[in-house]
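The values are calculated or read from the model by the stated rules, or taken from the named source; none is laboratory data. Model, not experiment: these values are computed from the prediction. Every residue, glycine as well, gets a Cβ built from its backbone with ideal geometry; the counts of neighbours run over all protein chains shown. The accessibility values were calculated without ligands, DNA or RNA, using every heavy atom of the protein model including side chains. Shrake-Rupley method; radii C 1.70, N 1.55, O 1.52, S 1.80 Å.
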Amino acid sequence: MKKNLNRIVIGIAITVVFLMHAIYLFRLPLIDNLEAMVYDTRLRLTMPRTVDPRIVILDIDEKSLLEREKGGEGRWPWPRDRLALLLDKLFDKYGIAVLGFDVVFAERDESSGIRVLERLGQRELREVPQFQSVLERVRPQLEYDDIFARKMKDRPVVMGYVFLGDEAASQKGMLPPPVLPAGTFGNRKVGVTSWTGYTANLERLQKAAHSAGHFNPLPDPDGIFRRVPMLVEFKNAYYEPLSLAMVRAVHGNPPITPVVSEDGGDSGYSGLEWVKSGPFEIPVDDQAAALVPYRGGKGSFRYFSLVDVLNEKVPVNALRGKIVLVGTTAPGLLDLRATPVDPVYPGVEIHANLIAGILDRNIKQRPPYVVGAEFVLLLAAGVVLTLLLPLLSPFKSMLFSAIALIAVIAVNLSVFHYGNLVLPLASGLVLILVLFTFNMAYGFFVEARGSRLIAGLFGQYVPPELVEEMARNPEQFNMAPRAEELSVLFSDVRGFTTISESLSPEDLSVYINDYLTTMSLVIREGHRGTLDKYIGDAIMAFWGAPVANKDHAQDAVLAALDMMKQAKVLNEKFHAKGWPPFAIGIGVNSGTMRVGDMGSQIRKAYTVMGDAVNLGSRLEGITKQYGAAILIGQATKDRIRGIVLREIDLVQVKGKDEPIAIYEPLGLEADVEQKMLDEIKLWNQALRYYRAQDWDKAELQLLNLQKVAPRVLYEVFLERIAQFRREPPGADWTGVYKFDTK
């Protein structure tokens, strides 16, 4: 948690922004636009794309608008005696169930010439009785509006009209009676859209019609028609749309009952949720609008040219018992809309889709509680991703985010298709993508910078695999000094001055470079050690920092043994070139050391300091005293396993008051021959005699060992025995040998 605190804080901040969007403290336009696009996509994915046989559209198409001599009825509007004839054919011959007009008859029909005759009768022919008599006799046949009205009488004909919202909107024609009277909702704010004017049908036509409904879809901010208001308000009274009026006409005109939320005291919302009419419940949103359940693109309902009906060219069975809409697809009549399924869509099909949706009870609902559902989804997704993504690798983060996206989409689509519930989706998808992108960017720019910093700081000291390990958690590593239990190694080439004098400067450069490179690779790549420094031909390295290593002593001793093996290989190479051989001495010690970036303001280095470090250097220095290749201290001996050791001595080095036991590592238990193990046993016995001041037995044992395996070590102790015989150490002597020099 502490490691990823910055990520978590920023992730929570991102989540809070989306939560504020969800509860409408402010809105993010991009999310709203994406939500509309996502809704359209879901709609297109789940549309049945079948033709509904119950609803038929009689199209005022280009064919119908042709001149009569070409088989059409001429330009719109047609004489209303022709529409009266249409009503007779539809109801008497074809037997339709209900007829709805997606057109407005707001102007009087004067195509018969009756108005011209009336003006003549009032002026030039006012005094001609014969003209006045004929005029009164033919007037009923020439009043096409009256004829049209008489043909509508007692037939299920639903007229259409449109509300206007301009400040200076006119009120033309006659509205039908409202479906809900003024004061229905009291003081409740139910979100119903209010209008100030209208263009409706002639009074005589409206009175003759069964009912009427508005055709005012609500365009969304992007200009797409997705909704139609089920109730609109004009002068405090409420009116229904054409689609609902037609459904009611088919089912005996049941009254409309609004269903209003009763939990306003808790949630602050008391809006309209449903509109009921008989067996139908229509879910509405906060503007009392229903989502249009589009079945598919243009042509989801059967179309017949209106002129073909007038000419009885349409089969009777194609219209019998059908719900019929009269509308237009002709571009010149301007009833084409942009919808989720088609950018150029006949407005009459919007009503048809809504009628089908009401009958099938499959209108999608977007109730007020989806705000709470969106909030919970965003909160859950935001918290989970904020806490989890920082812990995962890039691949796992991508995999988890992809699974989250797929799960959210699958659940949302299922609820949309099978439950008819529209839950917000875009905000959740965008939140997941934003959090994923942020974590990836943070990892790349911030952590990659930390990785580069780690590589820059430690790349020269430690092997690449340790740098990679450190780069995964760069905040855990720094160069600040600290106390740690580590192991240190010092190595030095014996007699390097003599070697250097025997080589040319060029050869000496190659010689020392080959040597340092070979030994450094053993330390770094072979045993994950940290190179501290080169001091001429000397090498200093340590284990346990910057990356913790509980086996630091084991790795240090194994590195020393391998350095000895590589020294033999390198000497063979040098011998082939005619160069002098070399021998090295190595000291290894373990203990608490100060490690970090230390030095002056002018130059610093990542190094180790402390008594344990100094002792390691002293051990390397006295290897030549005993003829030993490697010497380790007691602390190192206590921390290693599986390595054969020869105890060398109990010494007090310069600068130390406490004596320590020193040991020589000889190899892994599996690699040391039995002959050497037997020699060690004899040596241990000689050491016990020596420390017990039994000089004769100790000397005899050492002489025997010297015959079997001549070693500097045995010569050293034989010389000491001779010295102690001349100058006995005293009864309190503990076997400690004190070095006065480094």
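Mind ranking 635-644, 239-248 by how tightly packed they are, going by the mean number of other C-beta atoms within 10 angstrom, highest first? Mind dumping the intermediate values first?
Working: 635-644: 17.3, 239-248: 27.6.
Result, highest mean Cβ count within 10 Å first: 239-248, 635-644.
Where the accessible area of the range 227-381 is counted over protein heavy atoms with a 1.4 Å probe, how much of it, in %, is carbon and sulfur?
Numbers: 2890 of 5660 Å².
For the range 227-381, the apolar C and S fraction of the accessible surface comes to 51 percent.
In what sequence, largest accessible area first, do T46, T497, T623 appear using a 1.4 Å probe?
Working: T46 30, T497 95, T623 0 Å².
Ranked from most to least accessible, the order is T497, T46, T623.
I'd like to know how the chain sits against the 2.2 N^0.38 Å rule of thumb: what's its Cα Rg over that expected value?
Numbers: Rg = 50.3 Å, N = 742, 2.2 N^0.38 = 27.1 Å.
Expressed relative to 2.2 N^0.38 Å, the Cα Rg reads 1.85.
Suppose the chain between V51 and V708 were pulled fully straight at 0.36 nm per residue; how much longer would it get relative to their current alpha carbon spacing?
Details: separation 657, 0.36 × 657 = 236.52 nm, distance 10.80 nm.
Taking 0.36 nm per residue and subtracting the Cα distance, the gain is 225.7 nm.
Could you work out the pair-distance distribution P(r) of the range 554-606 from its alpha-carbon pairs, with 5 angstrom bin width and percents rounded to whole numbers?
All Cα pairs considered, the percentages come to 4, 15, 15, 13, 13, 13, 12, 10, 4, 0.
Which of the lysines could be linked to K533 by a straight reach, that is with a Cα gap under 30 Å, when you skip same-chain ones fewer than 8 residues away?
Answer for K533, where 30 Å is the Cα cut-off: K550, K565, K568, K573, K577, K604, K624, K637, K654, K656, K738, K742, listed by chain and number.
Treat the range 273-326 as a sphere of radius equal to its Kirkwood radius over Cα pairs and apply Stokes-Einstein at 20 °C in a medium of 1.002 mPa s; give the translational diffusion coefficient in µm²/s, rounded to a whole number.
On the way: Rh = 14.4 Å.
Estimated diffusion coefficient is 149 µm²/s.
Hey, what's the Kirkwood Rh for the range 589-694 if you take every pair of different alpha carbons, in angstrom? Walk me through the numbers on the way to the answer.
On the way: mean 1/r = 0.0637 Å⁻¹.
Radius from the Kirkwood sum: 15.7 Å.
Calculate the dipole size of the chain relative to its Cα centre from +1 charges on Lys and Arg beta carbons and -1 charges on Asp and Glu beta carbons; express the result in debye to the nearest 20. Intermediate values should be presented prior to the final figure.
Values: 84 positive and 87 negative charges, 226 e Å.
Using Cβ point charges on Lys, Arg, Asp and Glu, the chain gives about 1080 debye.
What base-10 log of the normalised intensity I(q)/I(0) is obtained for the range 480-633 from the Debye formula, alpha carbons as equal point scatterers, at q = 0.21 Å⁻¹?
-1.31
Please list, or write none, the aspartates and glutamates whose alpha carbon is within less than 15 Å of the alpha carbon of K276, excluding same-chain residues fewer than 8 places away.
Leaving aside aspartates and glutamates fewer than 8 places away in the same chain, those within reach of K276 are E240, D285, D360.
Among the lysines, which have Cα under 29 Å from the Cα of K89 when same-chain residues fewer than 8 positions away are ignored?
K63, K70, K151, K153, K207, K298, K313, K322
So, in Å, what gap is there between the alpha-carbon centers of the range 21-54 and the range 559-620?
71 Å
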